[in-house]
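What follows draws every value from the coordinates through simple rules; no lab data is involved. It should be emphasised that the depicted structure is a prediction, and the values quoted were computed from it without experimental measurement.
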Amino acid sequence: MQDLVNSTHRELHYFRSFKKIRKFKLIMYYARPKEFVKDVNLWIYFATKLANVKDFELECESGYEFPQFAYKNTSLRNLDLRSCTINPLVNVNWSGIVSLSFSDMYLTDGVMKKILFGCPNLECLKFYSCYGFHRLGISNVKSRKLVIERLCYDRECDGWLEIIAPYIQDLKILGSCEGICLRNVDLLVTVVLNFKFDFSFDSEDEEEDPLQRKRKESTCLKELFHSIAHVEKLELGPLCIQSSSDLETLVIDGPSYYVTQTRMNRSRGLRHIILVAHFHHLKTIKILDFSGSMLPFVKYLLKHASVLEKFVIVSRSKRSDESLDVKMVRELLRFPRSSPQASVNLFL
């Protein structure tokens, strides 16, 4: 290991004359964290102070703490931190950063507040397998995109994450989480949801009533959907649909609401939605401003809504190329239905 460290120092010495280096990627795994801290600090100093890199990626396990001098940097534009510790004791000045990503990290509310305050030009914020924080206030005017994938459980907080993001336009929530609450997200345009709730650690009682847990999931999902009811495009993935299996009424307003397609059958040129959710409680479905591109979704719902009673479809304007025609109607009415009492009402 020492030979590799010495070799890295020699190589970087040759690049000291370069005033700017576009990208710098540092991945370091070592069993004795204190032994090479000074070396890693020197490499980060080289990247952030001497080479003025634009894109910096750091993956450093074994409890490595991001150095304090690196919290003041105006040349960085894209910063990707993984598996390390951040705890700024000084005011953060990352005025040049437009994209910030954290992976496999413990983050507190205080740390995130400092970081976001020091990134006035931040446009994109990403979290992957992070934990520790339960309130995320993104007030940066330029912030447009937020990605959250896998919120890890933390016994020190209640597992819920409250997001206040008045300027975010693009939101993705993926993987698993205990609970997410959205506040002040009026500017959201596009939302992708492919996650499942995991309340298995929400109570000290490991034998929590499954029905109570299911009700909790249903309530959380309804509140989440209510907060994004205004968006122009909503994509639902298989995990999210499974969490919605207790719904009794489903209303889809407009063709901008889609279910993500998880497999494409290119040999036949047809799109197939391959999902595993079954709607054992869904009784009423209403689709407004229906278009022909939504036929695969309708087929899926008719096949898996076993107690469905009424399916109402309101077609798009006849002037639209995607409005229902006779051929589409015939195809739709031939779709198999798992519920014998299901009626399909068409308004063309």
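Stretched out fully, how many nm does the piece from residue 249 to residue 113 gain, at 0.36 nm a residue minus the Cα gap?
Contour length minus Cα-Cα distance gives 45.0 nm.
Tell me, how many Å apart are the Cα centres for the stretch 73-100 and for the stretch 327-347?
55 Å
List the lysines whose alpha-carbon lies under 18 Å from that of residue 327, not counting same-chain residues fewer than 8 positions away?
Once the sequence-local lysines are set aside, what remains near residue 327 is 299, 318.
Under 24 Å Cα-Cα from residue 142, which lysines qualify once same-chain neighbours fewer than 8 residues away are excluded?
23, 54, 72, 113, 114, 126, 172, 233
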